[in-house]
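The values are calculated or read from the model by the stated rules, or taken from the named source; none is laboratory data. In this text the structure is predicted, and so the values were computed from the model without any measurement. Virtual Cβ from ideal backbone geometry, glycine too; neighbours counted across all protein chains shown. Please note that ligands, DNA and RNA were not included when accessible areas were found on the heavy atoms of the full protein model with its side chains. Shrake-Rupley method; radii C 1.70, N 1.55, O 1.52, S 1.80 Å.
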Amino acid sequence: MQRLIIKKFGPIENCDIDVKDFLVLTGPQASGKSTVAKSVFFFNYLKDILFQYVIKTNQRKSLFESRSLKESFVFEVRNAFVQSFGENVGNTDTSIKFVYDNGRFVEVTFNESNSGELIVVPKLDNELSKAIEMLDNEIKENGIKNADDIKRIIYSDIFKNDMEILYIPAGRSLLTLLSAQIGYLYSVMDDRQKSTMDYCTQNYLERVLQIKSYFDRGPSQLLKKELNNNGNIDEAILKMAIVKMEEILKGEYKNSDGEELLKLSDNEFIKLNYASSGQQEAVWITNMLFYYMLGNMKTYFIIEEPESHLFPEAQKAITELISIAKNDKNKVLITTHSPYILGSINNLLYADKIGKSKNKEMVEELVSPHMWLSHSVMGAYYLENGILENILDEEYQDINHDVIDGVSSVINETYEKLTDLNLGLED
């Protein structure tokens, strides 16, 4: 299991968590949820950074002559860290350590230069360093292998992690609203200009631009097309995902000759930039989940605030869609402020608990087993004032209801006091 340990970084004072297959982070704004989420993304993305660097040096072999692959990788990690989190975000007491499934780890600390500037210092443990050095020697002695061989060595052997990693940030509606313009602007930006963009947002934007044209027909038609070409697809789970997508979007997404549309009925379409803010926020969550499930690609989905601008009923549906994706051999991390999201997750945890221990058939009539969430793969934390609190109740195997109902109780308490005051005034 992966593990993340943070000390004195951004709003986080202390964090030590096992990164389970379904991880939920909640708490007030500016409490550090995004810091944790971005850290999980960053360290999982390092394998991609190493792979991309090796492929790039295949075209510019002189880079291998100037420094070792390990030195070059550390340099790339430093740049990616600054692009992800900004400069001067820590101090000499800061450390962010990530342990991979195979026990190897990367740690980022800060040193102070002679001029007083803080320098990001990535450190690789001995086993990871040796593995990269072995790859370096193999490349220098036998030449660059093909991309598939390099990818297998880096993903499976060095990091023991062959999952895609995808970060879906908050504020998606603006990127959706301006998608055509952003696509053009991004295409004319050079690498230096792109490097000024937040790393997670850049990753998300590039994925959207890459797969947008794939949706030249609706999800149902795409599924039919893929079924004819690939017999390994789980048709039932994808059909259920499509139902949930339509519940959330109140329509079906389609990219027609570069124009993004929502099909609301057989004869009614709306341009996506004229759709509701909730539809604009949700559309690329639903599309990304469906695309990677349909392609049978194991993926780690990190989703910020999936509830944004959605009615509670749609929040329930998007939680169920995310759970369907999780149960299709994927991993999920979400940040949320919504009691409806947390309550929906509890329902799915409870369905799994009683469905496995009592009457499975009766539970299945209420909640499909494709949505059930196992307590054993679940992690849930509340962040406030730089501290993480485990809010998964081990006895009841659900998220602590005090967290879900806490704000409601404060509101109700104020209402009761106002009622008492009103009655006193009437007397």
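List of remarks:
- Screening LEU63 on (1) out of contact with any Ser or Thr (no Cβ under 8 Å at 6 or more places or on another chain); (2) at pLDDT below 95 shows it passes everything except condition (1).
- Any hit, segment 82-91, residues being within 24 Å of LYS331 (Cβ to Cβ) and either charged (D, E, K, R) or more than 27 Å from the chain's Cα centre (by Cα) (or both): no
- Selection of helices (runs of 4 or more DSSP H) fully inside segment 309-427 by the criterion of at least 3 residues being among the hydroxyl-bearing types (Ser, Thr, Tyr) and open to solvent by less than 80 Å² (accessible area, probe 1.4 Å) returns 401-426.
- Among the residues of segment 80-102, just one is of a type in the set (Val, Ile, Thr), crowded, with 18+ Cβ neighbours inside 10 Å and farther than 26 Å from PHE51 by Cβ, namely THR94.
- So MET293, is it open to solvent by less than 20 Å² (accessible area, probe 1.4 Å) and more than 23 Å from ILE242 (Cβ to Cβ): no
- The set of residues from segment 263-279 being assigned to a helix (DSSP H, G or I), more than 17 Å from ILE242 (Cα to Cα) and touching a helix residue (DSSP H, G or I) at 6+ places or on another chain (Cβ under 9 Å) comprises LEU272, ASN273, SER277, GLY278.
- Scanning segment 33-56 for residues that are free of Cβ contacts under 8 Å to residues at least 60 places away in the same chain and either crowded, with 23+ Cβ neighbours inside 10 Å or among the hydroxyl-bearing types (Ser, Thr, Tyr) (or both) returns THR35, SER39, TYR53.
- Within segment 354-376, residues that are closer than 23 Å to ASN390 by Cβ reach partners that are not in a helix (DSSP H, G or I) and not charged (D, E, K, R) with beta carbons closer than 7 Å, at six or more positions or on different chains, in the pairs LEU373/PHE22; HIS375/GLN397.
- Pick from segment 167-179, criterion open to solvent by 20 Å² or more (accessible area, probe 1.4 Å) and not in a helix (DSSP H, G or I), ranking: modelled with the highest pLDDT: ALA170
- Members of segment 21-32 found to be more than 12 Å from the chain's Cα centre (by Cα) and crowded, with 20+ Cβ neighbours inside 10 Å, listed by number: THR26, GLY27, SER31, GLY32
- Count of segment 197-242 residues, restricted to those that are in contact (Cβ under 8 Å) with a residue 60 or more places away in the chain, under 25 Å from GLU281 (Cβ atoms) and open to solvent by 70 Å² or more (accessible area, probe 1.4 Å), is 0.
- Cβ-Cβ under 6 Å pairs, at least 6 apart or on other chains, segment 76-94 side modelled with pLDDT under 90, far side open to solvent by less than 20 Å² (accessible area, probe 1.4 Å): GLY90/PHE9; GLY90/PHE110
- Options GLN29, GLN52; residue that is of a type outside the set (Gly, Ala, Ser) and assigned to a loop (DSSP other than H, G, I, E, B): GLN29
- Residues of segment 145-158 satisfying the condition of being open to solvent by less than 50 Å² (accessible area, probe 1.4 Å), at pLDDT 90 or above and either of a type in the set (Gly, Ala, Ser) or touching a Phe, Trp or Tyr at 6+ places or on another chain (Cβ under 6 Å) (or both): ILE154
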